[in-house]
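A short worksheet on the structure shown next.
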Amino acid sequence: MSETRVLLVDDQALVREGMAMVLGQEPGLRIVGEAGDGRAGVRLARLHQPDVVLMDVRMPVLDGIEATREIVEHCPGSRVLILTTFDLDEYALAGLRAGASGFLLKDARSAELVDAVRTVAAGEAVASPRITRRLLDHYRSGPPPASSDPPLPVALTAREHEVLVAIGRGLSNAEIAAELFLSESTVKTHVGRVLAKLGARDRVHAVIWAHRHDLV
């Protein structure tokens, strides 16, 4: 198993210690640094180039959204997983715009934290179900899709369309594989092609795209 290097950024020392304790005992995960504010987090990210950054939202000096934006810009190999106590649309939307690859509420169980880190490190996006639900509700109740959204791409094959709908329903690759009677590797290939054709940065954006175009 290849090693996944993790950076912890949270202004609460007890929260960092708890995450370090949980993640540090997992095989293949290594904590490379801890920071108590966003500016220090950016500095350590540029120094260590971690695979995953666990980022708090509200912090002194520099908040988690701006810190995420800087890390995405200067550390292309690092993916940010935002940890928040607030399951509010504004934070999720701002995090997405800043380039975050996922969201997890701080009350998540230890196993959920570990799974989220591994998922983000593998190049996929994750989101707390509560945050995803509020995010999608925002799009449903908000203004019509922006003109920059492309029409439904005719380039999608029938199978890719099925995969996109499944992504929009929030299914994981394993769940899609079981539902469509495919191998997980085949599903992963289809997901990659769907994201490329949509111009979606990650899975979360594909979920939003599917709902904006009434596929789900």
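So if each residue of separation counts as 0.36 nm, and I subtract the Cα-Cα distance between residue 13 and residue 179, what length gain in nm does that give?
Taking residue 13 through residue 179 to full extension adds about 55.5 nm, to one decimal.
Using a Förster distance of 22 Å, how high is the FRET efficiency between residue 30 and residue 112, based on the Cβ-Cβ distance and rounded to 0.05?
So the FRET efficiency works out to roughly 0.65.
Which stretch or stretches of segment 24-46 have amide N atoms under 13 Å from the point lying 7 Å from residue 61's Cα along the Cα→Cβ direction?
It comes to 34-46, nothing else.
So, in Å, what gap is there between the alpha-carbon centers of segment 180-194 and segment 1-33?
30
How much length is gained on full extension from residue 2 to residue 46, taking 0.36 nm per residue of separation minus their Cα-Cα distance?
13.7 nm
Is the C-alpha gyration tensor of segment 4-129 telling us rounded, prolate or oblate? Criteria: a/c under 1.5 is rounded; beyond that, a/b larger than b/c is prolate, otherwise oblate.
Here segment 4-129 falls in the rounded category.
If we count every other residue with Cβ under 14 angstrom of residue 182's Cβ, Lys/Arg +1 and Asp/Glu -1, where does the sum land?
Value of the local net charge: -2.
What net charge do the residues around residue 30 carry, taking every other residue with its C-beta under 11 Å from that of residue 30, with Lys and Arg at +1 and Asp and Glu at -1?
-2
Readers should treat all values here as calculations from the given coordinates under stated rules, not as data from a laboratory. This one's a predicted model, so the numbers in the text were calculated from it and none came from an experiment. Don't worry about glycine lacking a Cβ; one is built from the backbone with ideal geometry, like all the others, and counts go over all protein chains shown.
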